[in-house]
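Visitor: Before I ask anything, here is the structure I am working with.
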Amino acid sequence: MTTLAVRVRGRDVTVEAAFTLLIAALIIVAATTSESFLTATNLTNLLKQMVTTGLLAFGMLVVILTGGIDLSVGSVVAFSGIVTAGLVADLPIPLAMLVGVASGIAFGAVNGVLVARFELAPFVVTLAALTTIRGLAFVYSEVPIAPADPGFLTLGSAMVGPIPLITLIMLAVFGIGGVFLARTPPGRSIIAIGGNAETVRLAGIDVRRHIVLAYTISGLCAGLAGIILTSRVGIAQPSVGVAFELDAIAACVIGGASLSGGRGSAKGAFGGVLVLVLINNLLNLYGVQSFWQQVLKGLIIIAVILVQRTRRPRSEAKGRA
Amino acid sequence: MRKALSLVLVAALGLAGCSDDAAGKKDGYTIGVANFLLSGPYFSGMDAAIAAQAKTKGNVKIVSTDAGGDAAKLAANVEDLLSKNVDAIIISGGPLESAPAALNAIKAAKKPVVLVDRKFSTGEYTSWIGPDNEAIGKQDGEFLAAKVKGKVAIIKGGPADNSIGLARTNGLKSVLGTKSDITLVEASDFGNWGSDGGLTVMEGLLAKHPDLVAVFCENDAMCLGAQRAIASAGKTAQIVLAGVDGQAEALKAILDGTNYVVTGLNSPNVIGKLALDRTVEVLGGAKVEKDTVVPSPQITKDNASQYL
């Protein structure tokens, strides 16, 4: 157990150092070359635009740590958003939002049970969920829904001092989630399952229950992201969120998470989110054409991961010793 | 995604069609509708409008198919419709530039084909009914030119429907590009035709160009998102919006006298209804107009109520 802790901590420090450097470099480049970057408007944009990807990335991280993947998050965003917007006509806003988040939790739990209890491949289960939940969003409403009550916009537009409320919510998820993963028994079990599920089973820990928990957390994050996005835009569309899972996975991987499970941290994933959002923002401020943005984003992701690779063997060797 | 659901629907409709054929009535028509994709409200609205208009005729059966955005599937669907021996086919081609395989199969079967919304750039068709997207862009441009001076931003939808978007933007540019008191700026990233995309792109524009006076979006959905971003930035009094389509929420915003000032109607209901009528006329042996441009009235606060 002590070796595990040291190993994890050792790797965290490496990833952190790499990120602090990378993010600092991005910010310095941005601030010195674009006069729009350090404006209040742009910084507020950055804080708002990282929220959806951030929430999805944390949920995705928890699932990836178990060695799984959750491809359904984009569809859950659409479903929770449109159901919430639809219910606002009949229910008080907070209650409608609660139903939206609850739908995410329910979808996540179903994914988890299918993966854990029926031992189906996570890729297949969540791919099926991706199409099923997207279909349900369209069944619920084919056309966009715009709630008439202006109170619906409060969550997405409220500011706490200079910081948007939704950014604080996302930071809280990373803060609490980080502590959950690193310091609580269920969190540590989730990481250990991704390392070696059999060992965890032999240690007397209920592996299935923890896997269900992981997917449920991902569903919760996606449901939350759905209501936040809808409240921000003011209109729920059943078509929203296509390919959102890709950015979430990219953020985790950039943040040092291993897709085979057992390795990754909330701090790393948050760094990954920052990198993605900063890249997007910079390319826009420079006026890089959209198709080139896609190309550059892909290349930058590969470059970041390659840099991490070169760092890995050293800490790997330390850990395995 | 929507594929599974639409397959079930198609199967159900197909079965319904079959059983009616079996009843042996030959005084009515069966018309096949080949949709390239039904996922957007515009396209599903078109499909629904065609079916609704068919119902009013009493003797017209509709068999609708969805290719889920796959051009090869569209051709296969058309072949299936032909083998079901439909009397005519309506193609809602969405963003497709052309569909040679589908059109050739229909030509070989000697059936009439009516195109809605999208006019294919190649191949033979009986008739086309759709909007003039460039004219809608021009209309918005003229309205803005009379209303504002200064920097006007353009939010583009992106590759999913690029030539329609380009036509709209080019129409706008052909008017505003010649005005000395107007500067045009184009957002570098796409809004992807949705409100969330419009919001994000607008946030970026506001950071880069704080002095904007107006925004044109290639559709209403993006403008609705952009309107939120402008409101959050506290610039509602400074920036007006111009869209295209006539989406219900946009009409409401225009009617309420917000900074959403104009849009151009591009109604799937009108086009779908006309297309079904046109197809029935063709089947009745009438000589019809080849290309029909459906007028896209300009909608402002003065007339928005009549389109809601």
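The values are calculated or read from the model by the stated rules, or taken from the named source; none is laboratory data. As the structure is a prediction and not an experimental result, all values here were calculated from the model. Cβ coordinates were reconstructed from backbone atoms using ideal geometry, including for glycine residues, and neighbour counts include every protein chain displayed. Please note that ligands, DNA and RNA were not included when accessible areas were found on the heavy atoms of the full protein model with its side chains. Shrake-Rupley method; radii C 1.70, N 1.55, O 1.52, S 1.80 Å.
Visitor: Which shape class applies to the stretch B:133-264: rounded if a/c is under 1.5, otherwise prolate when a/b exceeds b/c and oblate if not, where a ≥ b ≥ c are the square roots of the Cα gyration tensor eigenvalues?
Guide: The shape class here is rounded.
Visitor: Assuming 0.36 nm per residue, please report the length gained on full extension of the stretch B:S180 to B:T236 beyond their Cα-Cα distance.
Guide: Separation in residues times 0.36 nm, less the Cα-Cα distance, equals 17.7 nm.
Visitor: Give me the 1.4 Å probe accessible area per residue for chain B, excluding ligands and nucleic acids, in Å².
Guide: Values: 12300 Å² over 308 residues.
About 40 Å² of surface per residue is accessible.
Visitor: Okay, next question. Sum -39500 (n - 2.57) across every DSSP H segment of at least 4 residues in chain A, then divide by the residue count to get the 222 nm mean residue ellipticity, nearest 500.
Guide: Using -39500 (n - 2.57) per qualifying helix, the result is -26500 deg cm²/dmol.
Visitor: Which whole-angstrom value gives the distance between the alpha carbon centres of the stretch A:100-114 and the stretch B:208-273?
Guide: Result: 36 Å between the Cα centres.
Visitor: Shifting gears a bit: With the solvent-accessible surface defined on protein heavy atoms using a 1.4 Å probe, which residues belonging to the stretch A:137-178 display a reduction of at least 30 Å² in accessible area in the multichain context relative to the isolated chain?
Guide: A:F138, A:E142, A:P144, A:L153
Visitor: Of all DSSP beta bridges located in the protein assembly as shown, what percent are antiparallel, nearest 5?
Guide: Counting DSSP beta bridges with both partners in the protein assembly as shown, the antiparallel share is about 10 percent.
Visitor: Also: Using modelled backbone amide H atoms (1.01 Å from N, in-plane), which distant-in-sequence or interchain residues come within less than 5 Å of A:M159's amide H?
Guide: A:L165
Visitor: Quote the charge dipole size of the protein assembly as shown about the Cα centre in Debye, to the nearest 20; the model charges only the Cβ of Lys and Arg (+1) and of Asp and Glu (-1).
Guide: Here the size comes out at about 1740 debye.
Visitor: Moving on to the next point. Round to a whole angstrom and tell me the spacing of the C-alpha centers of the stretch B:30-51 and the stretch B:73-134.
Guide: With the stretch B:30-51 and the stretch B:73-134 each reduced to a Cα centre, they are spaced 13 Å.
Visitor: Also, I was wondering about something else. Would you jot down the residues in the stretch B:190-215 that end up with at least 40 Å² less accessible area in the complete protein assembly than in the chain alone, with a 1.4 Å probe?
Guide: B:F190, B:S195, B:D196, B:L199, B:E203, B:A207, B:K208
Visitor: Separate question: Between A:F118 and A:N196, how high is the FRET efficiency from 1/(1 + (r/R0)^6) when r is the Cβ-Cβ distance and R₀ = 30 Å? Nearest 0.05.
Guide: Using R0 = 30 Å, I get an efficiency of 0.90.
Visitor: Continuing with the same structure: Please list, in chain and number order, the residues 5+ apart from B:K61 or on another chain whose amide H is under 5 Å from its amide H, with Hs placed from the backbone.
Guide: Amide H neighbours of B:K61: B:Y29, B:T30, B:I31.
Visitor: Over the protein assembly as shown, how many percent of alpha carbon pairs lie in each 10 Å bin up to the one with the longest distance?
Guide: 3, 15, 23, 24, 18, 11, 5, 1, 0
Visitor: Summed for both chains, how many Å² of accessible area, to the nearest 100, are buried between B and A with a 1.4 Å probe?
Guide: 2600
Visitor: Return the tail of the calculated pair distribution for the stretch A:115-155, meaning the percent of Cα-Cα pairs more than 13 Å apart.
Guide: 68
Visitor: Got a sec? Which residues of the stretch A:16-52 lose 30 Å² or more of accessible surface with every protein chain in place, vs. that chain alone, 1.4 Å probe?
Guide: A:S36, A:T41, A:N45, A:K48, A:Q49
Visitor: Can you give me the convex hull volume of the Cα atoms of the stretch B:145-207, divided per residue and expressed in Å³?
Guide: Roughly 87 Å³ of hull volume per residue.
Visitor: Starting at the first residue of the stretch A:284-294, write each ³J(HN,Hα) from the Karplus equation 6.51 cos²θ - 1.76 cosθ + 1.60 with θ = phi - 60°, in whole Hz, x for Gly and Pro.
Guide: After applying 6.51 cos²θ - 1.76 cosθ + 1.60, I find 5, 5, 6, x, 5, 5, 4, 5, 5, 4, 4 Hz.
Visitor: Between A:I205, A:I28, A:I254, which gets the highest mean-square fluctuation from a Gaussian network model of chain A, Cα cutoff 10 Å?
Guide: A:I28
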